[in-house]
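Structure first, then comments.
Quick note: the coordinates plus some simple rules give every number you see, no bench work behind them. All values derive from a computational prediction rather than experimental measurement. No Cβ is skipped: glycine too gets one built from the backbone with ideal geometry, and neighbour counts run over all protein chains shown.
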Amino acid sequence: MTESTFDSITIIGQGDYVNRVEMALQRIKSGYGYDIINTYIKRIEEGGPPSGMKAYVNPPTFIMSHKVAFANNDEECSIIWCASCIAHDSYHSMLYHKYAEENNIDPYNKYLSVPANIWTGTNIEINCMNHQKKVINSIGGPSYIVNHIINYLDGLDGKYHEKVVWDTKIDIPGLSTNPPIPICLFDDGLPDL
């Protein structure tokens, strides 16, 4: 495993994975949404599938599969897709952490938790996809790639993420359920160009 730091974000994974995430972050750095990523994701780790945002761990960690990072046969398309998926999950984390801040909840206190419907579910997924589309449009790229990804996202209804898995690795005494992980069914892949 390789570890690298990009601004305030630690990246952990195989060498090609770390390089791809760095390329994606560099691509998005000058575009819309990078401030959200740099604030609400502090670690990106190769893992899964499924990929998913663990906003409730310290540091907030996006587990992203190798398949998401290398989602398409076109390298530029794959880099843009990777960047947009990071942005998508940073939006989940932002919603989680803003709610915790506004309600004086320690986001890492295992005895208190942010309600799942604040940062997961169909309506939240639609908001995250809309954020993702803004990011894609802001970082640019050949129009055939941007249109390919936007058209793919426009064909989704937000329900593809409704399958919420519960993080069984965190034991929270006194609670009947553990924190949700909004899983990324983007692991199914982006259709090739």
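Mind listing the Cα extents of the range 1-51 along all three principal axes, in Å, largest one first?
Sorted largest first, the three principal extents are 28, 19, 16 Å.
Per residue of the range 68-84, in order, report the coupling 6.51 cos²θ - 1.76 cosθ + 1.60 (Karplus, θ = phi - 60°) as ³J(HN,Hα) in whole Hz, putting x for Gly and Pro.
Once θ is set to phi - 60°, the couplings for the range 68-84 become 5, 5, 10, 7, 9, 6, 9, 4, 5, 4, 5, 5, 4, 4, 4, 4, 5 Hz.
How would you order 111-119, 38-46 from highest to lowest mean count of nearby Cβ atoms within 10 Å?
38-46, 111-119
According to the Cα gyration tensor, what semi-axes, each the square root of 5 times an eigenvalue, does the equivalent ellipsoid of the range 11-90 have, listed from largest to smallest in whole Å?
So the three semi-axes of the range 11-90 are 18, 15, 10 Å.
Convex hull volume of the Cα atoms in the range 1-142, per residue, in Å³?
Cα-based convex hull of the range 1-142, divided per residue, equals 106 Å³.
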